[in-house]
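Novice: One structure coming up, written as structure tokens, with questions to follow.
The values are calculated or read from the model by the stated rules, or taken from the named source; none is laboratory data. All values reported here derive from a predicted model rather than from experimental measurement. Heads up, the Cβs are rebuilt from the backbone with ideal geometry, glycines too, and the neighbour counts pull from every protein chain shown. Ligands, DNA and RNA are excluded from the accessible area calculation, which covers all protein heavy atoms including side chains. Shrake-Rupley method; radii C 1.70, N 1.55, O 1.52, S 1.80 Å.
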Amino acid sequence: MSETHYYELEIDCPQFSHELLTSVLQDIGFSGFIPKNDHLLTYIHQLKWTPTQADRLSAFLSTLTETGVLPELHWRIHAADGTDWVNRWRRALGAVHAGEHFVIVPPGVDYTPQPEEITLNIEPRMAFGTGDHATTRMALALLEPHAESAERVLDLGCGNGVLLLGALLKGAKQGIGIDNEEESFQESRENLESHGLQERAEIIHGDALHFSLDSIFDLIVANILYLPILEGLPNWTVHASENSCLILTGIEANEGRSRLDELTRELGWKVEREMIEQEWFAARYFLRRP
């Protein structure tokens, strides 16, 4: 029997509540969502399941019930076999389409791509960005038209490297991904190797907000969160070439974005397209230095 590293959470809940629950559960630390008609399955690494996170989960679900947003919710959490939940998640995910040509296909999922499609074979594990989240799909859609002409792409908080992979497979010449989590660092490197792209990209285990690189980039993508984006954006702009393209997401659509709008304008970024999907916001900008 394989060693257990994860807990499985099962919540009895109506189908219409899945989107609301998923958004907050991701913030608590859960991944790998499998929606059913009357319940939701999700998983968390044992090291992330602390008393504090348990209290957050209990308080969140209680608030939904007490305020009348949802009926009474029953939930159970127990140790899960790592291989078993990954296989179930794969089957639940299937192939995920993003943009015009990207298709994210977990290993073990039977899918025959069309000639014009770009296939990303991503192993669904704990790192963020396997395609089942709206921010990943929007980021791929926004970078797709500009990746082919990009000389160097920078993926900030790269997770498992799905956005970097997408840009390289669409035609970007070279790239760098940065993430401060060891698991993300390892997964990104493995995914580059599995796609034969290790010679065209480098993964850095470090701070995606406060780094110093000699390189200048003409395509920068960041699927992080609102406050880290505000903190990192001045440094990212230093590493942007003239007319660089910037993709930002990981921002909740209902968050006050006035500071983001103000900061991007101050730094010379002009918004070119905005998207909202499943209560998440994404935007594409171009640098217009004064």
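Novice: State which residue is modelled with the lowest pLDDT when the search covers only the range 109-124 and only residues that are more than 19 Å from Ser31 (Cα to Cα) and open to solvent by 50 Å² or more (accessible area, probe 1.4 Å).
Specialist: Taking the candidates together, the pick is Asp110.
Novice: Does His195 satisfy the condition of being open to solvent by 10 Å² or more (accessible area, probe 1.4 Å) and either touching a residue at least 40 places away in the same chain (Cβ under 8 Å) or out of contact with any helix residue (DSSP H, G or I) (no Cβ under 9 Å at 6 or more places or on another chain) (or both)?
Specialist: It is true that His195 is open to solvent by 10 Å² or more (accessible area, probe 1.4 Å) and either touching a residue at least 40 places away in the same chain (Cβ under 8 Å) or out of contact with any helix residue (DSSP H, G or I) (no Cβ under 9 Å at 6 or more places or on another chain) (or both).
Novice: Of the residues that make up the range 81-89, is at least one under 27 Å from Leu225 (Cα atoms) and at pLDDT 85 or above?
Specialist: No: zero hits.
Novice: Which one of Glu274, Glu242, Glu231, Glu266 is open to solvent by 30 Å² or more (accessible area, probe 1.4 Å) and under 26 Å from Glu19 (Cβ atoms)?
Specialist: Going through Glu274, Glu242, Glu231, Glu266 in turn, just one is open to solvent by 30 Å² or more (accessible area, probe 1.4 Å) and under 26 Å from Glu19 (Cβ atoms): Glu274.
Novice: Tyr285 passes all but one of (1) outside any strand (DSSP E or B); (2) at pLDDT 95 or above; (3) not small (Gly, Ala, Ser); which number fails?
Specialist: It fails just one condition, (1).
Novice: Condition (residue is surrounded by 24 or more Cβ atoms within 10 Å (Cβ to Cβ) and touching a Pro at 6+ places or on another chain (Cβ under 8 Å)) applied to the range 159-180: is it met by at least one residue?
Specialist: No, the conditions are met nowhere in the range 159-180.
Novice: Continuing with this model, one more query. Name the single residue that is nearest to Ala141 (Cα to Cα) among those in the range 245-263 being touching a strand residue (DSSP E or B) at 6+ places or on another chain (Cβ under 6 Å) and surrounded by 17 or more Cβ atoms within 10 Å (Cβ to Cβ).
Specialist: So, considering only residues that are touching a strand residue (DSSP E or B) at 6+ places or on another chain (Cβ under 6 Å) and surrounded by 17 or more Cβ atoms within 10 Å (Cβ to Cβ), the one nearest to Ala141 (Cα to Cα) is Ile247.
Novice: Only one of these conditions is not met by Phe185: (1) of a type in the set (A, V, I, L, M, F, W, C); (2) out of contact with any His (no Cβ under 8 Å at 6 or more places or on another chain); (3) buried (at least 18 other Cβ atoms within 10 Å of the Cβ); (4) not in a strand (DSSP E or B). Which number is it?
Specialist: Status for Phe185: all satisfied but (2).
Novice: Here are some residues: Glu183, Glu144. Which one is modelled with pLDDT under 95 and either within 17 Å of the chain's Cα centre (by Cα) or not hydrophobic (A, V, I, L, M, F, W, C) (or both)? Reasoning before the result, please.
Specialist: Details: Glu144 fails: modelled with pLDDT under 95.
Only one candidate passes the filter, namely Glu183.
Novice: Looking only at the range 208-228, filter to residues that are open to solvent by less than 20 Å² (accessible area, probe 1.4 Å) and farther than 11 Å from Leu248 by Cβ; which one of those is farthest from the chain's Cα centre (by Cα)?
Specialist: Phe217
Novice: Could you tell me whether Ala95 is within 21 Å of Trp236 (Cα to Cα) and over 15 Å from the mean Cα position of the chain (by Cα)?
Specialist: On the way: within 21 Å of Trp236 (Cα to Cα): no; over 15 Å from the mean Cα position of the chain (by Cα): yes.
Answer is no for this residue.
Novice: I've got another one for you. I want to confirm something. Restricting to the range 148-158 and keeping residues that are at pLDDT 95 or above and either open to solvent by less than 20 Å² (accessible area, probe 1.4 Å) or in a helix (DSSP H, G or I) (or both), which single residue is farthest from Gly232 (Cα to Cα)?
Specialist: Ala150
Novice: Looking at (1) over 22 Å from the mean Cα position of the chain (by Cα); (2) part of a helix (DSSP H, G or I); (3) not aromatic (Phe, Trp, Tyr), can you tell me which one Glu242 breaks?
Specialist: Result: Glu242 fails condition (2) only.
Novice: Can Asp214 be described as over 21 Å from Ala141 (Cα atoms), modelled with pLDDT of 95 or more, part of a loop (DSSP other than H, G, I, E, B) and not aliphatic (A, V, I, L, M)?
Specialist: no
Novice: For Trp49, all conditions in the list (1) at pLDDT 85 or above; (2) over 20 Å from Glu181 (Cβ atoms) hold save one; what is the number of the exception?
Specialist: Checking Trp49 against (1) at pLDDT 85 or above; (2) over 20 Å from Glu181 (Cβ atoms), the one that fails is (2).
Novice: What pairs come up if the first residue lies in the range 48-66 and is over 15 Å from His78 (Cα atoms), the second is open to solvent by 50 Å² or more (accessible area, probe 1.4 Å) and among the hydroxyl-bearing types (Ser, Thr, Tyr), and their beta carbons are under 7 Å apart, counting only those six or more places apart or on different chains?
Specialist: none
Novice: Where residues in the range 90-108 are modelled with pLDDT of 85 or more, of a type outside the set (A, V, I, L, M, F, W, C) and surrounded by 14 or more Cβ atoms within 10 Å (Cβ to Cβ), which of them is farthest from Glu148 (Cα to Cα)?
Specialist: Ranking the candidates gives His97 first.
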